[in-house]
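Notes follow once the structure below has been shown.
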Amino acid sequence: IPGPFDVGQIESYNKRTFDPSAMKTFLLQEVQRYNCLLALLKQTKDDLHMAMKGLIVLSPQLESVMNKLVDFKVPSKWLQFYPSMKPLDSWINDLCERIKQLDQWINNETPKVFWLSGF
């Protein structure tokens, strides 16, 4: 699971570029949304790992997430960040592409073409 985006880096990017302000706002909002999703994914992974070791109790919510993952489905809590009908493997590939696009935007320049279905 990739680490969270550095919001300070994005604010620095926003100051050094000449993007329309709406695009700067959009980038910041997307990064904040993905930071929440990445934190949830990491927490879920850590909780499941600890539950499998017997260090914490497997709550009904955590069991539901585990059952969805076993069935190769995206847990509903994750779908709150971006809804999709895709199975788990496609959803994760999609997530990686979205993160890659945002990372390139932050570290390189504003994309000339946007992957509209990625937002």
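Odds and ends about this structure:
- Over the chain, relative contact order from alpha-carbon pairs under 8 Å, at least 6 apart, %: 24
- Across region 60-66, computed HN-Hα scalar couplings (Karplus, 6.51 cos²θ - 1.76 cosθ + 1.60, θ = phi - 60°) run x, 5, 5, 5, 4, 4, 4 Hz from first to last residue, x flagging Gly and Pro.
- Phi angles across region 72-79 convert, under the Karplus curve 6.51 cos²θ - 1.76 cosθ + 1.60 with θ = phi - 60°, into 3J(HN,Hα) values of 6, 10, 7, x, 4, 5, 6, 5 Hz, Gly and Pro given as x.
- Dipole magnitude of the chain about its Cα centre (Cβ charges: Lys, Arg +1; Asp, Glu -1), debye to nearest 20: 80
- Here the sum of -39500 (n - 2.57) over DSSP H runs of 4 or more residues, divided by the residues of the chain, equals -21500 deg cm²/dmol at 222 nm, to the nearest 500.
- For the chain, the carbon plus sulfur part of the accessible surface works out to 59%, probe radius 1.4 Å.
- Here volume of the Cα convex hull per residue in Å³ was computed from the coordinates, and among (i) 73; (ii) 156; (iii) 106 the match is (iii).
- For the chain, the solvent-accessible area works out to 65 Å² per residue, with a probe of 1.4 Å and every protein chain left in place.
- Between Phe26 and Leu69, the simple label model (points 7 Å from Cα in the Cβ direction) yields a spacing of 3.4 nm.
- Residues of region 83-113 with amide N under 12 Å of the 7 Å Cα→Cβ point at Asp6: 107
- The chain: angle of helix 88-107 to the longest principal axis, Cα-based, in degrees nearest 10: 30
- In Hz, Karplus ³J(HN,Hα) per residue of region 43-51 (6.51, -1.76, 1.60; θ = phi - 60°; x = Gly, Pro): 5, 4, 4, 5, 5, 5, 4, 5, 5
The values are calculated or read from the model by the stated rules, or taken from the named source; none is laboratory data. Keep in mind it's a predicted model, so treat the numbers as computed, not measured. Please note: Cβ atoms are built from the backbone with ideal geometry, for glycine as well, and neighbour counts cover all protein chains shown. Just the protein is used for accessible areas: all its heavy atoms, side chains included, with ligands, DNA and RNA removed. Shrake-Rupley method; radii C 1.70, N 1.55, O 1.52, S 1.80 Å.
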